[in-house]
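First up is the structure itself, then whatever we jot down about it.
The values are calculated or read from the model by the stated rules, or taken from the named source; none is laboratory data. Keep in mind the model is a prediction, meaning the values are calculated, not measured. Because the Cβ atoms are built from the backbone with ideal geometry, glycine has one as well, and the counts that use them run over all protein chains shown.
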Amino acid sequence: MFARALPSFFTVGNLFLGIIAILFAFQGHWEYAAIMVIIGMLLDGLDGRVARMLNTQSEFGKELDSLSDVISFGVAPAVIMYVSALKFTGVEGWIVTAIFPICGALRLARFNVNPGEPGYFIGLPITAAGGILATLALYNPYLQNVYISMAAMLFLSYLMVSQIKYPAFKKKDIPKAVYVFACLFFLAIAVSAIYFPKELPKVLFIPLILYALYGIKKSVVKKRRK
């Protein structure tokens with residue numbers, strides 16, 4: 001019984017962190033809000049892995065995961081960006097803030113109906129898009145231009161509903177030793193979140209944006225070859 005429920009614990013933990021991220025954002029603690037989204041990404045990566053390891057995949061778990069992702073990686077990052085940069089922009093800020101989770105929901109609905117090719121995602125996963133947006137919000141003081149933030153938000157929204165292919169690392173066979181490394185990495189993230197709350201999310205922004213750009217690069221190269 002516990003084995004069947006274990007993946008859902010990770011999923012609910014992801015949802016819980018998404019809600020906490022929203023609360024942190026409204027209190028002006030954007031660094032902690034971004035960290036909640038990042039840790040939620042780790043839990044989101046574990047729930048599917050654990051379900052496959054224990055052979056406990058179910059439609060219930062699949063739907064719960066999608067609903068949690070909409071909150072944690074759609075609504076929460078959009079709220080973080082809105083509170084940190086767009087709240088003084090007026091109606092256009094409302095619209096852009098709404099577009100991001102809407103595109104994320106469309107992306108998840110499409111994935112549930114058509115997962116795509118084995119080993120690949122069609123469109124930027126909402127998990128990565130949410131992580132990028134949540135950490136990008138921390139760079140707003142350096143950008144000093146709210147329209148750059150809005151453009152980035154719209155571009156991420158487009159990538160989620162696009163036909164660009166992205167590697168699906170969690171669908172590939174990974175040695176068990178990697179799971180040990182993942183646990184240590186999770187612990188390192190937690191410790192870093194305590195001692196370096198302002199710097200950690202900014203550093204994690206780099207690999208996330210590289211992942212987004214990788215898919216665009218591969219798509220451009222493929223079109224040129226054709």
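Would you confirm whether any residue within segment 157-174 is at pLDDT 85 or above, among the hydroxyl-bearing types (S, T, Y), assigned to a helix (DSSP H, G or I) and under 14 Å from the mean Cα position of the chain (by Cα)? The answer is yes, given that some residue of segment 157-174 is at pLDDT 85 or above, among the hydroxyl-bearing types (S, T, Y), assigned to a helix (DSSP H, G or I) and under 14 Å from the mean Cα position of the chain (by Cα). Is one or more of the residues making up segment 179-195 modelled with pLDDT under 70, more than 24 Å from D47 (Cα to Cα), loosely packed, with under 15 Cβ neighbours inside 10 Å and touching a Phe, Trp or Tyr at 6+ places or on another chain (Cβ under 7 Å)? No, segment 179-195 contains no residue that is modelled with pLDDT under 70, more than 24 Å from D47 (Cα to Cα), loosely packed, with under 15 Cβ neighbours inside 10 Å and touching a Phe, Trp or Tyr at 6+ places or on another chain (Cβ under 7 Å).
Give me the residue from segment 62-111 that is outside any helix (DSSP H, G or I) and not polar (S, T, N, Q) and, out of that set, nearest to the chain's Cα centre (by Cα). The extreme case among them is K87.
Among the residues making up segment 112-136, those that are surrounded by fewer than 19 Cβ atoms within 10 Å (Cβ to Cβ) and not in a loop (DSSP other than H, G, I, E, B) are N112, V113, Y120.
Yes or no: I102 modelled with pLDDT of 90 or more, farther than 24 Å from A168 by Cα and β-branched (V, I, T)? Considered against the rule, which asks whether it is modelled with pLDDT of 90 or more, farther than 24 Å from A168 by Cα and β-branched (V, I, T), I102 comes out as no. Scoring M53 on the criteria (1) closer than 27 Å to P167 by Cα; (2) touching a residue at least 12 places away in the same chain (Cβ under 8 Å); (3) assigned to a helix (DSSP H, G or I) leaves a single failure, condition (2).
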